[in-house]
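Read-outs: derived from the displayed coordinates by stated rules, not from any lab. Given the structure is predicted, the values throughout are model-derived calculations rather than measurements. Because the Cβ atoms are built from the backbone with ideal geometry, glycine has one as well, and the counts that use them run over all protein chains shown.
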Amino acid sequence: MLTAALALVALPGLAGSRAPSPIEPVPAVAFQQLTIPADDSRSTTSIGSVDDVFLSAGRIGAQTLIVEPDSAQAGAATGRSTADQPKTSASSIRKGALSATVHGSPRYTLTGGATFYDNGTTAMRLPRGTVVKICGNGGCIVRVVNDYGPQKKSRVVDLYRPDFFAICGCGSWSGTTQVTVYVY
């Protein structure tokens, strides 16, 4: 047994080398087009060969073609397209016929505490999309519930900070106020 152990140490090439092998890059010819059949009833998926940008990365020789990443997509759009979107905030309402819904009679009314937080949402323990009218000492606002909360049972609604102070009628040091919520 001792002889076998000594032979393995003396001849590392036969038993495995202890010296690390140098890191060699994978040649580009190893990357070829691959076709993957999904199954018999579907079409096949094809992965194309490596593009010029990838082939030029990391190797420069006498015959090397250097391709910049931006120029590889000559037919592609050069800038971002802009869409004319409306500005949104916590006070934005995108529910159709909202004014007609609010002027009708509410399904039920909740009374309790309201607080604010800076998440930009109106949070209640109601399904998202529910239309509510929230009234306090400073006035009323109409919002669509878009978050779930509050966690404490002593509060009925968590509001976005500007909405809270719009209905609160109180100073900036206040953290809670009593409100009436009409659920439509």
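A few comments on the model shown:
- If you model the range 98-183 as an ellipsoid using its alpha carbon gyration tensor, with each semi-axis the square root of five times an eigenvalue, the axes come out at 19, 14, 12 Å, biggest first.
- For the peptides 104-116, 147-159, the ranking by mean Cβ contacts within 10 Å, running from highest to lowest, is 147-159, 104-116.
- Formal net charge of residues neighbouring residue 135 (Cβ-Cβ distance under 15 Å; K, R +1; D, E -1): +1
- Cα centroid of the range 109-154 to Cα centroid of the range 162-184, whole Å: 9 Å
- At an R0 of 45 angstrom, the distance between the Cβ atoms of residue 68 and residue 174 translates into a FRET efficiency of 0.15.
- Of all DSSP beta bridges confined to the range 98-183, the antiparallel ones make up roughly 75%.
- Net lengthening on full extension, residue 102/residue 5 (0.36 nm per residue, minus Cα-Cα): 26.1 nm
- Estimated distance in nm for a label pair at residue 24 and residue 125, the labels positioned 7 Å out from Cα along Cα-to-Cβ: 6.8 nm
- Local net charge near residue 149, Cβ-Cβ under 15 Å (Lys/Arg +1, Asp/Glu -1): +3
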